[in-house]
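Bear in mind these aren't lab numbers, they're just calculated from the coordinates by the rules spelled out. Since the model is a prediction, treat every value here as computed from it, not as a measurement. When we count neighbours, we look across all protein chains shown, and the Cβ atoms used for this are built from the backbone with ideal geometry, even at glycine.
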Amino acid sequence: MAAPPTPCCWRCSPTPASAPWWWAAPIRADPASPGPDRAVADGLEQARAALECGDYGRCQRLLAPLLEEHGVSTRFGAELRLLLATAQMGQGDTEAAAATCRSLRACRDANLRTQARELQEVLEAPALQRPREWSMTLPSLGEMEPLEGQVRALARRGRRRRLPEPPPPPPTGATKAPLGFAVVVLVLLLLTALLAGCVDLDTQLRFTAPGRLQISQTSRSLTGQPLPWQRQLARSLQDSPFQIRQRHGELRLRAPSLPAGQALALLSASVDQAADLAAIDLPPPQLRSVERNWLLGVRQRIDLELDLRPLQPLPGLNLAVTLEPLQPRAVLRAEPLPARPLPRGNGSKAPPALRWRLQPGALNRLELSCWRWSRLGLGALGVALLLALVSLLQRLRLAAGFGLPQLPA
């Protein structure tokens, strides 16, 4: 006689004990939504009780009048149909349960539509063949040989077989530390620390002119050898505006000077590509740029938001953003780590720059607001001021009685 199969999924035993995660979907109710009247609520509770007791036919009969009163587009009607699909699964009628789930596409509740779609995908999934090793079959008692003869044969073999030698006595004395095992563990820990996140990634934003931005990215491998991630990133960005240069363990990406909107879009695309190659599910970065041209200069406001909460901190992983030329007073907000000015040597003519380190496992935000003065606008203003000054001096000369300037006789 074959033993009953062991339940392997919710199809074999659709009960709350065997599949509580799925039963919670059709029974869950939203306390904020208006509920039905008392009679309908009693009918729903009776249907749930019948479903929990395994009386799927009675559950369907109790749900039938409720389904006629409540349409599939309402939330309560959708919950009733999810309960009906669960009862149909209990009876083994997966086709009817799948049809009930398909009818819930007309529901206005997006959450219930998602639950119905997930249940439909499970119902329409192909059934897997269960290996024979997972079931145990007991032979028929009439076909078994008598145990008496087997016991006698085993007794004869036991007499002929020699007794095993006794085990050696346990070791005594002071316990010695396993030096070899400790060395192996230490080597593995060092390799893990070196190869886990050994990369230094620096993104540089350079404001070349009012309304224009130049992006450069540099990734350095701390081992001095190019990482597979760097090679894949270089190949994936071949068709992009970046100029790619790779030398040993350093990969440099340099884009030409572009309008601020295009440059930020290029930066967002490169960050998404790098996250995909590293198998890290990062939200898309939020990069916003607002500019106002006042002829004399451009008022810029840039907001950067990088959500690195899915990225766990790793040893040797350094992420930073360098902005130049930029004064510290242009930073309105930088979190969780502040933006610090880069030190300049004595007599250095390098423009002022800021370095903002990113914190893995946190939400990083940076807000900038600054003026980018236009040389043409400032020159035009200077010429206008000089002309006004000359006109004023000429008027004062005429008022003093000197007359207009004349050539010498």
- prompt: Which FRET efficiency value, to the nearest 0.05, is calculated for residue 245 and residue 225 with the Förster distance at 22 angstrom and r the Cβ-Cβ distance?
  reply: 0.85
message: Whole angstrom only: what separates the Cα centroid of the stretch 199-243 from the Cα centroid of the stretch 317-332?
response: 17 Å
message: Nothing charged except the Cβ atoms of Lys and Arg (+1) and of Asp and Glu (-1): what's the magnitude of the dipole of the stretch 275-409 about its Cα centre? Round to the nearest 20 debye.
response: 720 debye
- line: Descending packing, highest mean Cβ count within 10 Å first, for 217-224, 333-340 is 217-224, 333-340
